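Trainee: Please find one structure pasted underneath; my questions will follow.
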Amino acid sequence: MSLALEVDFNRTLDSLKNLVEQSNNGYIDVWLFEDRLTRKKIAQQFSTSTKKVTLHSAYKPLLNHFLDREDAGSFTRLTITYPIVQNVDEKRFLLECYPLNALLKTCQIEFIPSKVISAADAPLFYDIEGVNQQLQTLKWKVFAPNLSTKDSVEQESLNNCGWIIYRNEENIVTPFCEQFDKNTIRLSEHLSTEFELIFQSTMDFIKILAIKRLNELVKDNLLTLRPLFFEQLIIDIQLPMKDDELNYGHEIISFQEILHEDIYFGVLELLEFIAAPIIGSVDMRTLQTGQILPIIRYSESDITLAIYTREYSTELPNLKHQVIYKDGITSIEALKKIKSQLSLSNVYQLLNSNFNKVFETQSVLNHPVKAAYVKGADKPVLISAAQHANETSAVIGVMTASENLLKENEQAHFSLVPIENPDGYDMHQQFLCISPWHIHHAVRYTALGDDLEYRKDAPLYEKGIRKAAFDIAYEQSTQKTLLHINMHGYPSHEWTRPLSGYIPRGFSLWTIPKGMFLIVRYHRGYERIANELLDKVTLRLATNNEIMAFNKAQISMYENYAGKMPFEFKNGFPFIISEDNRSIFPITFITEYPDETLQGEAYMNAHKAQSFACEAIYSEWQTIEAVTLNSFIN
């Protein structure tokens, strides 16, 4: 292990106490990254008979404003004008309101965009007009503190930030002095919080570390070394902010989660940015950086940051919580009622005990990547899950679907890879011990740091199982496998990066759930077949009332905050279909179900939907006439 950085941070609330005590002003408003109960409790402690302190949330300020208001439930109608900022996604500040209308169920809410303003024309605020049950009309503003900065990859970014305002009047509408008498506001400025400092300190230090490493590789002529920067990069952080559960779906406000997400993708972007001038244009999905592991733990009081590199290990450091993955399941039939993720070892036990032919390749961390082959008279299909290891409902879905196919179809012919990324899947089991309600995107990619789908060069490690599945079907039946059913998931609650522009960069379509989504990719010459399969599958899926009702509700909520879905629909299902010649399989059919963070009944519903979809795709593929297929095979 190579310890690179170890820092303790003062809690902003502790520093704030001194500022409040030294201030003579009557009203002090502060925007912080703190949970709701803490803000309320500390504000009461700071306030005196001559001084009132209000602690607001710097994150999702409009939503938290209504969560903080004791009279929020009394409004029957709200008209909210949200900021539109030049060169910023027009839905940015609307998304920050999500899921307000689900929390104020009896209130009719209308969102209206403002005129386009420049980020330099601060302040940014929401204009609100509300009518309450007494038919009173109230008008007020909610401040949205943001800083426009150039980030570590030299992109302009408008970020949530801390702020402090000292004033003499209670009814403030804007923090800028020129709109008030000079005696009204004493000071209005950015307050650099510990949350922002931890993120910036992490990015600054890793930038130095990465540049030094790359210079060493250039000097020693080792730029072909993989992984390029390190084997594992540990970013171990303790935070005293608790998660706030929202009374809607699976939504939470978690400062541990959003810091994990901002750091993980921020570091990926940074390493890509640093490497590009040396090794040429790269993509975070293909760059083999090494494994980036931001471990954000809850602490009662300590705020600490430790950054170090180490050799590969299959264990997270300092893990003290009980593992929650299910184990000891002895039959695939029993999986149909499982309500949480299944351990890697249990998945492999079920493969070995239920299938006659099991084959494998090896992962980067020497986990077996196991697959089962079932020979039959049908056209062979590859069925896989957990390419992205935090998308786990498909693991159960493909296992139960395979058993159903074997029971119902004597001609079934497929290879089954329930876990394509076992290194990430095993690590995910440990991250869930920190919190089962967080997205944990650090386990999305492989231990090399890349997305196995985009890996081209040997050694293939995990991706080799796809070639092995293709080969075994051809060897056993002389039939080429033309279809890959590749089952995925995505976040079941809002996914944000508030310190990097709020909307996840490069993933803007995935920020809030939108139901089951379909992606079809095909080789040149297979377009007609791909569309025919999509028609048949969506018709089959549309017979499932549970999936249809689920999609209808999620799409409606999505469009309230993200606008009309920019996708085509077929038989009620949003989809993307495109030519893509990368895969060895001419057609790839992908399902996307919002499963990340799910537990309990919701998790069971997720893998039931995945199972139904897997069977539908397999079965409808078999109905496409062989003569039609042959006419399109290159």
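Trainee: Does anyone have the angle between helix 12-22 and the longest principal axis of the chain? Alpha-carbon axes, 0 to 90°, nearest 10?
Mentor: Tilt of helix 12-22: around 10 degrees.
Trainee: Now a separate question. Please arrange 224, 623 by accessible surface area, largest first, computed with a 1.4 Å probe and ligands excluded.
Mentor: Numbers: 224 125, 623 65 Å².
Order by accessible area, largest first: 224, 623.
Trainee: Show me 450-459, 521-530 ranked by packing, highest mean number of other Cβ atoms within 10 Å first. Walk me through the numbers on the way to the answer.
Mentor: Numbers: 450-459: 15.7, 521-530: 18.7.
For the peptides 450-459, 521-530, the packing ranking is 521-530, 450-459.
Trainee: How big is the dipole moment of region 1-137 about its Cα centre under a simple scheme where the beta carbon of each Lys and Arg is +1, that of each Asp and Glu is -1, and everything else is neutral? Debye, nearest 20, please. Kindly include the intermediate steps, with their values, before the conclusion.
Mentor: Details: 15 positive and 17 negative charges, 68 e Å.
The dipole of region 1-137 has a size of about 320 debye.
Trainee: Report, in listed order, any pair from 60/339; 242/336; 370/463; 41/242 with a Cα-Cα distance greater than 23 Å.
Mentor: Listed pairs above 23 Å: 60/339; 242/336.
Trainee: Could you check how much of the accessible area of the chain is carbon and sulfur, as a whole percent, using a 1.4 Å probe?
Mentor: 47 percent
Trainee: Which angle between 0 and 90 degrees, to the nearest 10, do you get for helix 600-622 versus the longest principal axis of the chain when only C-alpha atoms count?
Mentor: Relative to the chain, helix 600-622 is tipped by roughly 40 degrees.
Trainee: Quick one: which of 326/407; 17/40; 115/564; 52/141; 115/141 span more than 23 angstrom between C-alpha atoms? Intermediate results must be reported in sequence, preceding the final value.
Mentor: Details: 326/407 25 Å; 17/40 14 Å; 115/564 20 Å; 52/141 19 Å; 115/141 16 Å.
In this structure, 326/407 lie more than 23 Å apart at Cα.
Trainee: Can I ask one more? Provide the three semi-axes, in whole Å and in decreasing order, of the ellipsoid equivalent to the chain as defined by the square roots of 5 times the Cα gyration tensor eigenvalues.
Mentor: Over the Cα atoms of the chain, the semi-axes work out to 46, 29, 22 Å.
Trainee: Which peptide among 552-563, 608-619 comes first, and what is the full order, when sorted by highest mean count of other Cβ atoms within 10 Å?
Mentor: Put in order of decreasing packing, that is 608-619, 552-563.
Trainee: Turning to a different aspect of this structure: Taking the mean number of other Cβ atoms within 10 Å as a proxy for protection, how do you rank 583-593, 470-480 from highest to lowest?
Mentor: Working: 583-593: 22.4, 470-480: 15.1.
The packing order, highest mean first, is 583-593, 470-480.
Trainee: Please identify the trypsin sites (Lys or Arg not before Pro) of region 308-411 that satisfy two criteria: DSSP loop assignment and at most 12 other Cβ atoms within 10 Å. Which are they?
Mentor: Passing both the DSSP loop test and the Cβ count: 320.
Trainee: So which trypsin sites (Lys or Arg not before Pro) in region 72-173 pass both tests, a DSSP loop state and at most 11 other Cβ atoms within 10 Å of the Cβ?
Mentor: Sparse-neighbourhood loop trypsin sites (Lys or Arg not before Pro): 105.
Trainee: Relative to the Cα centre, what is the charge dipole magnitude of the chain, using +1 at the beta carbon of each Lys and Arg, -1 at the beta carbon of each Asp and Glu, and rounding to the nearest 20 debye?
Mentor: 580 debye
Trainee: Can you tell me the orientation of helix 36-46 relative to the chain, as the angle in degrees between its alpha-carbon axis and the longest Cα principal axis, to the nearest 10?
Mentor: 20 degrees
Trainee: Counting other C-beta atoms within 10 Å, and keeping those with at most 10, which DSSP coil GluC sites (Glu not before Pro) do you find in region 66-147? Present the calculation step by step, with values, prior to reporting the outcome.
Mentor: Values: sites: 70, 90, 96, 110, 129; in loops: 70, 90, 96.
Passing both the DSSP loop test and the Cβ count: 70.
The values are calculated or read from the model by the stated rules, or taken from the named source; none is laboratory data. If you're wondering where the values come from, they're calculated on a predicted model, not measured in any experiment. No Cβ is skipped: glycine too gets one built from the backbone with ideal geometry, and neighbour counts run over all protein chains shown. When the accessible area is computed, the model is the full protein with side chains, heavy atoms only, and any ligands, DNA or RNA have been set aside. Shrake-Rupley method; radii C 1.70, N 1.55, O 1.52, S 1.80 Å.
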